[in-house]
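The next block holds one structure in the form of structure tokens; read it before the comments.
The values are calculated or read from the model by the stated rules, or taken from the named source; none is laboratory data. In this text, all values refer to a predicted model and were calculated from it rather than measured experimentally. Glycine also receives a Cβ, built like all others from the backbone with ideal geometry; neighbour counts cover every protein chain displayed. SASA here: full protein model, heavy atoms, side chains in, ligands and nucleic acids out. Shrake-Rupley method; radii C 1.70, N 1.55, O 1.52, S 1.80 Å.
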Amino acid sequence: MSTIKRNNFFVLDRESFIPYNTNNIKKTIEILNKDKLIIIKWLKNTWKLNFIKEFISKANLTKSYFYFNKSDDIENRVSSNKELELLLNDYVQLYKNPKIIVLQNISNIEWVKDFISMIYKSNYKTILVWNTIKIWWIKELEIFTNINITDENLESTLKYWAINEVKHIQEIDLKEKYLKLLVNDIFLNDIFKNYWVKSIDLYKFTITFLAENSFFSSLRELQSKLDNIQGISLKTAIDYIDYSIQEKILKRVYKYDIKTNKTNSAKAKYYFADNWIRNALANFELKEEILNENLVFNLLEMNNYNVYSWVSGKFDFSFFWELINDNTSNILESKIYIQITDNFSRDDIKKEVAKFMKIEDDFKKYILIENVEKLWLKKLRYDSIEIIEINDFIKRFGK
């Protein structure tokens, strides 16, 4: 199918996309109809173009969209808001006013917020694909990777995640090389360029340390651990973590006290947006328990839960997930409690059940173990408590 070439304009190959984003597209349309502007965020190289193509197709906008991706502007013809405005004017003269404007990777365009303000006042509906921007009154939507975990792909998903290009690479060496290239691309274009990082090696050291370790700590405690290995100031450590959170590489989780209904932000644990980037930083030698925990975090976040670790009195637990109320989750429970066990005995499991029994509500409570048969467990359900193998839990929530 031929496409009309647009002068001074970048054309999307709209025919090639994988349809899976129905809920996010519906939500995007609802927000645009109400607010005219939405910020779409997610990890670089993870389904960005696919979402945009699918949105344009399903919203019936294939003949009336203006799309600009600064990364495609190899000759740097558009470097300011005025040049971007001229580009839009060229489009309007050729095709009339577009029904939707999509702007991607535009952080380095001078005075770009003036352009955004101009098109907003002109009543254009606009999608900003941009992690580094923050406009307090504009709704943000994070897009996650399409994933469907089965017995056949569970091990591969745990180690390499579900990036579409990677799934089609059969050789393990090539798969790992490709993923490492993606990590370098993310660091170069989203971190080093956007935030003018002075020491590339120090940033890589910091993020790799977080990939290889899983513990709660304050920022000062974390900086002290890093500084003992390789000198780093508290400000630099905080900056590097903040940059990584802003670019959706890292996710910060605090502890939530279910008795006081308060979040304790003194200490945090860090998860990675996708398992593949965490495993790649550890040279694909990450411990399985860290990969499992990170994957469990990812799955519930994808099902639209706010994720915390949690405490109940003197007892610590792995995760407390509270549903974000916007009708996009596939899970009916508004709250879920999780305890992930590591090398627990049968007596240890009984103690975990006893801890859960002290929680006076009927929401689902899961104790995730490695192997049911190995522990000779005869009873796997106690009212709202379910003991389940972690692989079965992952497959249940990864659909």
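How tilted is helix 172-186 with respect to the longest principal axis of the chain? Cα atoms for both, answer in degrees (0 to 90, nearest 10). Roughly 60 degrees, rounded to the nearest 10.
Quick one: grab the alpha carbon gyration tensor of segment 37-185, order the square roots of its eigenvalues as a ≥ b ≥ c, and give me rounded if a/c is under 1.5, else prolate or oblate depending on whether a/b is larger than b/c. Note, shape of segment 37-185 comes out prolate. Computed extension gain for L174 through F192, at 0.36 nm per residue and net of the alpha carbon distance, reaches 3.9 nm. Charges were assigned to the Cβ only: +1 to each Lys and Arg, -1 to each Asp and Glu. The resulting dipole of the chain about its Cα centre is roughly 1100 debye.
Projecting label points 7 angstrom from Cα along Cα→Cβ for T132 and N89 puts them 2.7 nm apart.
One chain, two ends: Y20 and E389. Fully extended at 0.36 nm per residue, the span grows by 130.0 nm beyond their Cα-Cα distance. Is the C-alpha gyration tensor of segment 56-101 telling us rounded, prolate or oblate? Criteria: a/c under 1.5 is rounded; beyond that, a/b larger than b/c is prolate, otherwise oblate. Here segment 56-101 falls in the oblate category. For the chain, the share of DSSP beta bridges that are antiparallel, to the nearest 5, is 40%.
With a ≥ b ≥ c taken as the square roots of the eigenvalues of the C-alpha gyration tensor of the chain, please select rounded if a/c is under 1.5 and otherwise prolate if a/b is larger than b/c or oblate if it is not? Display every interim value, and only then the final one.
Working: a/c = 1.92, a/b = 1.67, b/c = 1.15.
Judged from the Cα gyration tensor, the chain comes out prolate (a/c at least 1.5, a/b above b/c).
Ligands, DNA and RNA left out, the 1.4 Å accessible surface of segment 97-210 is 52% carbon and sulfur atoms.
Determine the sum of side-chain charges near E85: Lys and Arg each +1, Asp and Glu each -1, restricted to other residues whose C-beta is under 14 angstrom from that of E85. Mind dumping the intermediate values first?
On the way: positive: R77, K82, K113, K121; negative: E83, D90, E110, D114.
Surrounding charge for E85 is 0.
Note on F363 and D242: the extension gain reaches 40.2 nm, defined as 0.36 nm multiplied by sequence separation minus the Cα-Cα distance. Relative to one another, the C-alpha centroids of segment 224-302 and segment 77-137 are positioned 34 Å apart. Rg and Dmax, both from the Cα atoms of segment 126-168 and both in Å, are 15.5, 44. Taking label points 7 Å from Cα along the Cα-to-Cβ direction, N228 and E110 give a separation of 4.9 nm. Note on R381 and E152: their simple-model spin labels are 3.0 nm apart, each label 7 Å out from Cα toward Cβ.
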